[in-house]
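Presented below is the structure to which this report refers.
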Amino acid sequence: MTKEHEAKAKKAFLTKDFLPECVEMKMQEAYEAIYAQARKETVTETSRSAGQATQANAGRTKAFPKRFAGTLKVAGFLAICMVALGASAMAVGAILNRYQRMKAMSEEEKTTVYEDIQKSGVVDFLFNREFTEKELSRYQDLENAYQADERFPERSIRRLEAGEEYAGVGVCIMITEQGEENYMYFPDRELTDEELLEIIEYRQKVEYVWKEKGQKEKFGEKLWEERLSVLTDEEVDRYYLAYCGASFSELAGGFCRDGRSTRKGDKVLSQTEERRYQDMAKAYRESNRIPAGELQIMDDPNEYDGMSVAYCRWESLFYLPVGELTEEDFLEIIDFETKGKYCMERITEEVRLGKRSDFPKEEVVLQEPEELILEEKAFATKQGTKKELENAGIGDIVTYGSYEQDGDLANGGEPIEWYVLDETEDARMLLSVMVLDGHKYSEEQKLVGWKDSDLRAWLNDVFIEEAFTEKERGEILLKKVANNYGGDCADRVTLLSTKECMEYFGISLDEKGADPYHFDEGIYQVGLTKKEKGEILKAFLDVADPRRFGKATQAKLWDGVHMNAVLWTIGDGHIENMMVDTGVDISDMFGYCEWWVRDIDLHNPAGAARKVCTETYWMTSYVNSSCGIRPVIWVKK
């Protein structure tokens, strides 16, 4: 970390921009790796930066330019990134020790440590000699033991009094006047374990005090002490899961009123309301104006009654009534926002210090699939024509939005064609005719439901912005979707489920290989002869609704060959292989590809999701594999 970065870190801390409003939880493992690298660089740079010291100046004050930057580099980096230290490997009984040591610090000691930070600008020590290689190695081992709650110092690091010179005994620190560098002194011998542990714990205290002071300044000390720090662990978990638990939690804090949302750039709050919001936020923080009740929390926007303020978890949006907001409305919003941000920071700190092994997650039990009961859908028997959207019915093909499809970026996106799968009195359900793009279900290979998938986030963040105008986005409805794992959610852009795919394309459970829980009965089951494979493939192609096959756009093909690992597409090689394996010519299907449905494979703990295949009904792929995408949207009539 450079001096420029250090200055920015301190500025962010002092201006209360200490932490982002909501940090994406999926980055914690990356942060841990970054922290380990930063710590390694810190120790290396500490060793490299110091020059050779002479015994003559070993006991003199301010006579040496050697620098101890480790505290700053680790504390500053942690303050920005809020790194978790991998406490999950520790025993629960030992985990609490380090956390309790920090909590047990007296207010007097906290004040002293924070004044150390203020006086030096950031805790950056000059010191009288460098670590030896052996000391560096032991330091790293002892730091690991300290983080694992296995080794602690018996005493605190000694401070030199004003005007006192270092006598060459033990490890000591001298805190200088405002704006000057602080000093750390090592004896002219190998440091003991106790001395190294005193240094390590002092660094830990600096990080803890810096973080706590930042919270008090950010939220207001009275509010922090009387309303936030007293929250129980159960309350902290509840606010955290409500405020940060949705897939799009990085967007937390927007407003929605009468179908208009700040996410779409609409002006939702009046000028008067904006001023009153700021006034009430100040009164809440500085005058302890608290709401009489609590904000309503919804999972589904359809639960909103339109009468009061409420928060929708899946959208991370505050829903507002049509009339002017009351003071109570503002206070409920502000109170919820404040508690959500605080709980995020508190949990991060508790993970870092080992009180928690991980961030809270809603418990989801992997269950056996229920019996699949299919409903007859009109689309399965209706073959329509191309029509304008406002005149279209089930089975027709319409255009809506645009997306790059011909591979020529210079001419912009091409109109997207959609099948009208279904309709209600108020809206039409659309499925793209083409496979518009390819994407991984999840960046990591793990068991993850649709609600928490990276693909869902991409569709509802990136794709929706690229494919539709602001007006079109305003016409796309938020719809609740049922998922086979991980809980239900609400999407504007989604994928078909396996059940929906079977219902809309008329797939019967009686067809060989069509049962999604026994889909290994297709041509890929073990032990089939070439003739048997051919018979199964022919029977499949004869009965399959051709609309279920998705063809990749030219933007995703290059001479018919799989491009950039985004789609598994039928090309020349695949056609030849199928002829060898089954004796069936599938050259008419050139360019068609597999595409994701939103269900996962409940029998695969390693993490796999189901996809619609080109030569059988279903297959599964690991979630970090790329596959085609046929988006589904509901558009207002």
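Kindly rank 618-626, 230-238, 296-304 from highest to lowest mean number of other beta carbons found within 10 Å of each residue.
618-626, 296-304, 230-238
Calculate, in nm to one decimal, what Glu225 and Lys267 gain on full extension: separation in residues at 0.36 nm each, minus their alpha carbon distance. Please report the intermediate quantities before stating the final value.
Details: separation 42, 0.36 × 42 = 15.12 nm, distance 3.55 nm.
Result: 11.6 nm gained on full extension.
Could you check the spin-label model distance between Glu274 and Met579? Points 7 Å from the Cα along Cα→Cβ, value in nm.
6.7 nm
Could you please rank Thr614, Thr399, Thr469, Thr385, placing first whichever residue has the fewest other Cβ atoms within 10 Å of its Cβ?
On the way: Thr614 24, Thr399 15, Thr469 11, Thr385 8.
Ordered from fewest to most neighbouring Cβ atoms within 10 Å, Thr614, Thr399, Thr469, Thr385 come out as Thr385, Thr469, Thr399, Thr614.
Taking the Cα-to-Cβ direction at Gln445 and at Ile290 and moving 7 Å from each Cα, how far apart do the two end points lie in nm?
5.0 nm
Please identify which residues in region 315-338 have an amide N closer than 20 Å to a label point set 7 Å out from the Cα of Met307, following the Cα→Cβ vector.
Output list for this probe position: 318-333.
Fewest first, what order do Glu388, Glu226 take by the number of other Cβ atoms within 10 Å?
Details: Glu388 9, Glu226 12.
Final ranking by Cβ density, sparse to dense: Glu388, Glu226.
What FRET efficiency comes out for the pair Asn391/Asp545, r = Cβ-Cβ distance, R0 = 22 Å, nearest 0.05?
That gives a FRET efficiency of 0.40.
What ranking do Ser587, Ser106, Ser497 get, fewest neighbouring Cβ atoms within 10 angstrom at the top?
Exposure proxy ranking, most exposed first: Ser106, Ser587, Ser497.
Any of Lys382/Lys479; Lys222/Lys341; Lys282/Lys339; Lys110/Lys213; Lys216/Lys341; Lys211/Lys282 with alpha carbons more than 19 Å apart? Name them for me. The partial results should precede the final answer.
Values: Lys382/Lys479 24 Å; Lys222/Lys341 16 Å; Lys282/Lys339 15 Å; Lys110/Lys213 9 Å; Lys216/Lys341 13 Å; Lys211/Lys282 22 Å.
In this structure, Lys382/Lys479; Lys211/Lys282 lie more than 19 Å apart at Cα.
With a cap of 16 neighbouring Cβ atoms within 10 Å, and only residues DSSP puts in a loop, list the trypsin sites (Lys or Arg not before Pro) found in region 406-454. Walk me through the numbers before you get to the answer.
Values: sites: Arg428, Lys440, Lys446, Lys451; in loops: Lys446.
The qualifying sites are Lys446.
Which ³J(HN,Hα) values in Hz, rounded to whole numbers, follow from the phi angles of region 464-478 under the Karplus curve 6.51 cos²θ - 1.76 cosθ + 1.60, where θ = phi - 60° and Gly and Pro get x?
Karplus values, whole Hz, x for Gly and Pro: 4, 6, 6, 8, 10, 6, 4, 5, 5, 4, x, 8, 8, 7, 8.
Go ahead and run the numbers for FRET between Leu136 and Thr176, Cβ-Cβ distance against an R0 of 45 Å, rounding to 0.05. Could you put the intermediate results ahead of the total?
Values: r = 26 Å, r/R0 = 0.58.
Computed FRET efficiency for Leu136 and Thr176 comes out at 0.95.
In region 140-279, if every C-alpha pair distance is counted and binned at 5 Å from zero, what percent goes to each bin?
2, 7, 9, 11, 12, 11, 11, 8, 7, 7, 6, 5, 2, 1, 0
How many nm separate the modelled label positions at Ser156 and Ile373, each set 7 Å beyond the Cα in the direction of the Cβ?
Once both label points are built, they end up 6.8 nm from each other.
Could you give the distance between the Cα centres of region 399-422 and region 485-508, to the whole Å?
Result: 22 Å between the Cα centres.
Taking loop as defined by DSSP and a crowding limit of 16 other beta carbons within 10 Å, which trypsin sites (Lys or Arg not before Pro) in region 302-403 fit?
Lys361, Lys382, Lys387
Per the Debye formula with a single identical scatterer at each Cα and no solvent contribution, what log10 I(q)/I(0) holds for region 378-636 at q = 0.12 Å⁻¹?
Each listed q corresponds, in turn, to -0.71.
Each reported figure results from applying straightforward, stated rules to the coordinates on display, with no laboratory input. It should be emphasised that the depicted structure is a prediction, and the values quoted were computed from it without experimental measurement. Cβ sites come from the backbone with ideal geometry, for glycine too, and all protein chains shown count toward neighbours.
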